[in-house]
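See below for the structure under consideration.
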Amino acid sequence: MKRPQISAALIILVLILSGCEKQFIQQPVPVYPTHEPPYADLEKQIREKYDYRAVFTWDQYYELLTELSKDKYIVLPLDEMRKTYNDSKVVIGLRHDIDMNPFKALEMADIEKDFGFLATYFILPTADYYGYLYKTGLTRCKGLDSLIADLHDYGAEIGIHNDMLTAMIDYGFDPLIFNKNELAFIKSLGIRVSGTASHGSPIAKKTVPNYQIFSDFAKSDSVLYEGKKYPIGKNSLKEFGFEYEAYFLNFNYYYSESGGKWNDDKGFSGILSDLEKSSPGDRIQILTHPDWWGRKNN
Ligand SMILES: [Zn+2]
């Protein structure tokens, strides 16, 4: 009988302590659409599974975009960034890899709209939100077409987040055909795709980065996985239907919060002060994953 009382006291203590530690900047909370069918069911399922993973608040995203709205920057989607050279500005390429939660991407695009920024959103064909994969087959989720079209309607550039190693090794696909099908699907929505960005999937981490599927970047002609050899580097980026790979664009600084952690010893504040120190002529790629954003303020 004593145990529940102790637990309750502990919970109250933890709540009091955690409540005291938290202080947040008060920024307007974005009002984003409550989505209707055809993807309302998908939204419920994905949000229930992944929303809790957010580690950064939208307030912090406002802070980042507020810095980027200073005069010294030009903020562009990657397809435009790669063609833009301006020595009197810091040229920013805004990249988002959607690993798990495209509904956070819609929220993110909505915030960017407030600032008049456009970004590139890379969509992952091996993700839960995209479809159900089985041996040499893929059934796309209901409403995926509307979801991608809605994201594109914000003015976003849409690209493919490449996990062809998983499609090939786990599901037996020919990567060229797998990619061709998904590109055709996105193009059928009236969306032009020119870029791809490599996804750091578990299989890629055990073998080679996904961009080595392209002959442009492959360092050998095969990978070995669980005792079996799989060919890579058979076809070029161009043969796969792409004009650029995000990791191979021309930039001199790269900031990313992969795994929910900024690639700076001082974390988010370090990134902000690096940006403040940037000077005209710098070219910076900023990668954020919508999955890690939108942590509730309480
Ligand atoms: Zn990824």
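The values are calculated or read from the model by the stated rules, or taken from the named source; none is laboratory data. It should be emphasised that the depicted structure is a prediction, and the values quoted were computed from it without experimental measurement. We place every Cβ from the backbone using ideal geometry, glycine too, and count neighbours over all the protein chains shown.
Side notes on the structure shown:
- Residue 41 at pLDDT 95 or above and of a type in the set (Asp, Glu): no
- Residue check for residue 259: without any contact (Cβ under 8 Å) to a residue 24 or more places away in the chain and of a type in the set (Gly, Ala, Ser): yes
- Top-ranked residue in the range 120-155 [being more than 15 Å from the ligand (Cβ to nearest atom) and small (Gly, Ala, Ser); ranked as nearest to residue 42 (Cα to Cα)]: 143
- Residue-level check: of (1) over 20 Å from the mean Cα position of the chain (by Cα); (2) surrounded by 15 or more Cβ atoms within 10 Å (Cβ to Cβ); (3) not charged (D, E, K, R), residue 271 misses just (1).
- Extreme residue, surrounded by the most Cβ atoms within 10 Å (Cβ to Cβ), among residues of the range 190-232 that are within 19 Å of residue 126 (Cα to Cα) and of a type in the set (A, V, I, L, M): 213
- Among residues of the range 171-208, those that are assigned to a loop (DSSP other than H, G, I, E, B), of a type in the set (S, T, N, Q) and within 16 Å of the ligand (Cβ to nearest atom), counted: 2
- Checked against the criterion of being modelled with pLDDT of 95 or more, on the phi < 0 side of the Ramachandran plot and within 16 Å of the ligand (Cβ to nearest atom), the candidates 239, 257 yield just one match: 257.
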